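Chemist: The following block contains the structure, expressed as structure tokens.
The values are calculated or read from the model by the stated rules, or taken from the named source; none is laboratory data. Remember, predicted model here, so these are calculated numbers, not experimental data. Positions of Cβ are generated from backbone atoms using ideal geometry, with glycine treated the same way; all protein chains shown enter the neighbour counts.
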Amino acid sequence: MTNDDLPKSDHFELHQIANGVYAAIGIAGGAAYSNAGIIDLGDQTLIFDTFETPIAAQDLKTAAEQLTGRPASCVIISHAHSDHWLGNQVFPDHTPIIATHKTRTDMSTFASSIREMQENPSLLEEMIQEYEERLKTETDERQRSSLEKAISRDQYGLEALPTLELRFPNQTFDGKIIFYGTRRRAELLTLGGGHTASDCFLVLPEERITFMGDLGFFQCQPFMGYCNPDLWKAQLEGMEESDFEIFVPGHGPLGTKEDIALQKRYITFLGDLVGRIVREGGSVEEALQQSLPEPFDDWLIGGMARFETNVRFSYERQSGG
């Protein structure tokens, strides 16, 4: 089966990366926002992450059933950020949802803000209106792209609010889980924090494939708002030193170790840039005026809000603010 023969969605594009192994890469402007995976173990079907909205997750569920001929055996959630698990509700209540202990606890933090939006959707409506007003006068291509992405994302979020159900993991783990199938085995691992306080990733040892969750951001800026950059880079270095060849990030296209190395460079460069401003006694506003070298400057298109988040977080962390 070629990629052209795979099930289609307006929200993600499926890529067959091994026989029975599929990466669902979010389409810009769609309702997925992040990436996901479908893994056929032969007698079981694993789903890795469920996108940001039920509408995208429903397409993922349907595609998995078409491709494997069975419903999902379990759903794995890579970390607590809600753009990777708000689609959980489309899977039956009896389907196990697995995450780390810490991830399940931290999901409640994000759930509180989502419930606030459900109780008062005008908060999200006002944000969309603000973005639309700014877009009317914005001339910077990078900012315009960022605003357009934010509007599209928030509109999908607003549409989902009335029927959104927050489903949390009903199984948790620490360390490693091994899934033994009739076709292949898969290993679910956590090494602790990095991108968040607790991240897990799924590896297929025979196929040398890793589903990274948000430990991976390829050809786009990583979100560093809650990260430990040193632990994050250590996890990336471990993947670089492994014998794995194909990496499915939480955001961006499929990649290789070269993409991992580039992501590490971004994390290091941004930390060094902000650190220099802090040492010189400069303000966070000065840090925000700094430029990024190639190829990171291209990553700013559509990502100016993320750049600001990363700079502000790094500044606070390094200045002790």
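Chemist: Would you mind finding the one in Gln155, Gln221, Gln235, Gln171 that is under 24 Å from Arg115 (Cα atoms) and in the same structural domain as Ser82 (by TED's automatic domain parsing)? Let's see the steps before the verdict.
Modeler: Working: Gln155 fails: in the same structural domain as Ser82 (by TED's automatic domain parsing); Gln221 fails: under 24 Å from Arg115 (Cα atoms); Gln235 fails: under 24 Å from Arg115 (Cα atoms).
Result of the check over Gln155, Gln221, Gln235, Gln171: Gln171.
Chemist: Additional query: For the list (1) buried (at least 17 other Cβ atoms within 10 Å of the Cβ); (2) in a helix (DSSP H, G or I); (3) of a type in the set (Ser, Thr, Tyr), I need the number of the one condition that Ser113 fails.
Modeler: (1)
Chemist: Next question, about the same structure. Give me the helices (runs of 4 or more DSSP H) completely within segment 220-318, filtered to those with at least 3 residues that are aliphatic (A, V, I, L, M) and in contact (Cβ under 8 Å) with a residue 60 or more places away in the chain, ordered by residue number. Give the derivation first.
Modeler: On the way: elements: 229-241, 257-279, 284-288, 296-299.
Fully inside segment 220-318 and qualifying: nothing.
Chemist: Here is a further query. Can you report the number of residues in segment 122-134 which are surrounded by 15 or more Cβ atoms within 10 Å (Cβ to Cβ) and of a type outside the set (Lys, Arg)? So that I can check it myself, show each step before the final result.
Modeler: Of segment 122-134, the ones surrounded by 15 or more Cβ atoms within 10 Å (Cβ to Cβ) are 124, 127-128, 131, 134.
This time we only want the ones that are of a type outside the set (Lys, Arg), so: 124, 127-128, 131.
Within segment 122-134, residues that are surrounded by 15 or more Cβ atoms within 10 Å (Cβ to Cβ) and of a type outside the set (Lys, Arg) number 4.
Chemist: Would you confirm whether any residue within segment 152-166 is under 20 Å from Ala56 (Cβ atoms), modelled with pLDDT under 95 and not aliphatic (A, V, I, L, M)?
Modeler: Keep residues of segment 152-166 that are under 20 Å from Ala56 (Cβ atoms), which gives 152-166.
The next check asks that each one be modelled with pLDDT under 95; those that pass are none.
No, every residue in segment 152-166 fails to be under 20 Å from Ala56 (Cβ atoms), modelled with pLDDT under 95 and not aliphatic (A, V, I, L, M).
Chemist: Here is a follow-up. For segment 195-214, enumerate the residues that are under 13 Å from the mean Cα position of the chain (by Cα) and either assigned to a loop (DSSP other than H, G, I, E, B) or of a type outside the set (Asp, Glu) (or both). Walk me through how you get there before you give the answer.
Modeler: Of the residues in segment 195-214, the ones under 13 Å from the mean Cα position of the chain (by Cα) are 195-196, 199-201, 211-214.
His195, Thr196, Asp199, Cys200, Phe201, Phe211, Met212, Gly213, listed by residue number.
Chemist: Go through the residues of segment 132-140 one by one and say whether even a single one is touching a Pro at 6+ places or on another chain (Cβ under 9 Å) and among the polar types (S, T, N, Q).
Modeler: To start, the set of residues in segment 132-140 that are touching a Pro at 6+ places or on another chain (Cβ under 9 Å) comprises none.
No, that holds for no residue.
Chemist: I'd like to check something: does segment 265-283 contain any residue that is closer than 30 Å to Ile76 by Cα, buried (at least 17 other Cβ atoms within 10 Å of the Cβ) and in contact with a strand residue (DSSP E or B) (Cβ under 9 Å, 6 or more places away or on another chain)? Steps first, answer last, please.
Modeler: Of segment 265-283, the ones closer than 30 Å to Ile76 by Cα are 265-268.
Then drop every residue that is not buried (at least 17 other Cβ atoms within 10 Å of the Cβ), which leaves 266-267.
Filter once more, keeping what is in contact with a strand residue (DSSP E or B) (Cβ under 9 Å, 6 or more places away or on another chain): 266.
Yes.
Chemist: Which members of segment 116-139 meet the condition of being free of Cβ contacts under 8 Å to residues at least 24 places away in the same chain and either touching a Ser or Thr at 6+ places or on another chain (Cβ under 7 Å) or not in a helix (DSSP H, G or I) (or both)?
Modeler: Asn120, Glu138, Thr139 - these are the residues of segment 116-139 that are free of Cβ contacts under 8 Å to residues at least 24 places away in the same chain and either touching a Ser or Thr at 6+ places or on another chain (Cβ under 7 Å) or not in a helix (DSSP H, G or I) (or both).
Chemist: Only one of Leu166, Leu189 is of a type in the set (A, V, I, L, M), touching a residue at least 12 places away in the same chain (Cβ under 8 Å) and part of a loop (DSSP other than H, G, I, E, B); which?
Modeler: Details: Leu189 fails: part of a loop (DSSP other than H, G, I, E, B).
Among Leu166, Leu189, only Leu166 is of a type in the set (A, V, I, L, M), touching a residue at least 12 places away in the same chain (Cβ under 8 Å) and part of a loop (DSSP other than H, G, I, E, B).
Chemist: A follow-up question, please. Please determine whether any residue of segment 78-89 is touching an Asp or Glu at 6+ places or on another chain (Cβ under 8 Å), farther than 23 Å from Leu158 by Cβ and crowded, with 24+ Cβ neighbours inside 10 Å.
Modeler: Yes: one or more hits.
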